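Okay, so here's the structure we're looking at.
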Amino acid sequence: PAGAVRWFNVRVVGIGDERGRDAGLLVVLRDVTERRQLVETIRTLSLTDELTGLLNRRGFTTLAEQQLRTSIRTRNRLWLLFADLNGLKNINDRLGHEAGDRALGEIAQILRTGTFREADLVARLGGDEFAILATEISPTDEDKIVQRVDDAVRRANEAPGREFALSLSAGVATFDPEQPQTFDELIAAADRRMYQAK
């Protein structure tokens, strides 16, 4: 389409005459737009959960580890929320896997829009597990993270005509750049807090 970005490989070859003198340059352009688009599609699929459109475990881990390194440099704290969708097996058993997929999609929508900022990393790690790395929360809001999620889930459950209720269990761990943890340690801490809250 008009105005679409195209990608080319460029090769420049020197041309000589029969006596070996420079006669000019030959520029060879090869359109690699389709290949570049395919590579980008594959990259996106490798980092994104197909069902929800959120980051998958690989994408989340890759970007979260970068954020932790940045946090150490900038001395800004981060907060990791780890959450389980409660009752997914029951929804699947009673209403079928399509209903379970809808429940996962609704939770993804709640977490992605209105609950966290665009700069925050939101992921479905697999099954019924979700994680959010919040990068722009003030220390005074730390205790309010789980409450904000709970409020958003409650509002979704108040919609008329629901076929199932949504419920999340969540725990929050803080990444302190003055006493840094590994990404795995941070996930484990948030997971422990989630189980304590159940």
Among (1) among the charged types (D, E, K, R); (2) touching a helix residue (DSSP H, G or I) at 6+ places or on another chain (Cβ under 8 Å); (3) part of a helix (DSSP H, G or I); (4) under 18 Å from G59 (Cα atoms), E106 falls short only on (4)
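A quick yes/no check of all residues on (1) part of a helix (DSSP H, G or I); (2) out of contact with any Ser or Thr (no Cβ under 7 Å at 6 or more places or on another chain); (3) exposed (fewer than 13 other Cβ atoms within 10 Å of the Cβ):
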site	(1), (2), (3)
A83	no, no, no
I91	yes, yes, no
G114	yes, yes, yes
A119	no, no, yes
P180	no, yes, no
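Kindly indicate the residue of segment 55-81 that is basic (K, R) and part of a loop (DSSP other than H, G, I, E, B) and also nearest to R117 (Cα to Cα) among those meeting that condition. Before the answer, list the steps.
As a first pass, look at segment 55-81 and keep what is basic (K, R): 57-58, 69, 73, 75, 77.
Filter once more, so that each one left must be part of a loop (DSSP other than H, G, I, E, B): 75, 77.
Working: R75: 20, R77: 15 Å.
Looking at the filtered set, the residue picked out is R77.
Have a look at A190, A165, A159 and point out the one that is open to solvent by less than 20 Å² (accessible area, probe 1.4 Å) and modelled with pLDDT of 90 or more.
That would be A190, the only listed residue that is open to solvent by less than 20 Å² (accessible area, probe 1.4 Å) and modelled with pLDDT of 90 or more.
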Tabulated pairs, segment 84-103, first on the phi > 0 side of the Ramachandran plot, second among the small types (G, A, S), C-beta under 9 angstrom, 6+ apart or interchain | G87/A103; G87/A165; G87/S167
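The values are calculated or read from the model by the stated rules, or taken from the named source; none is laboratory data. All values reported here derive from a predicted model rather than from experimental measurement. Don't worry about glycine lacking a Cβ; one is built from the backbone with ideal geometry, like all the others, and counts go over all protein chains shown. The area values use the complete protein model at the heavy-atom level, side chains included, leaving out ligands, DNA and RNA. Shrake-Rupley method; radii C 1.70, N 1.55, O 1.52, S 1.80 Å.
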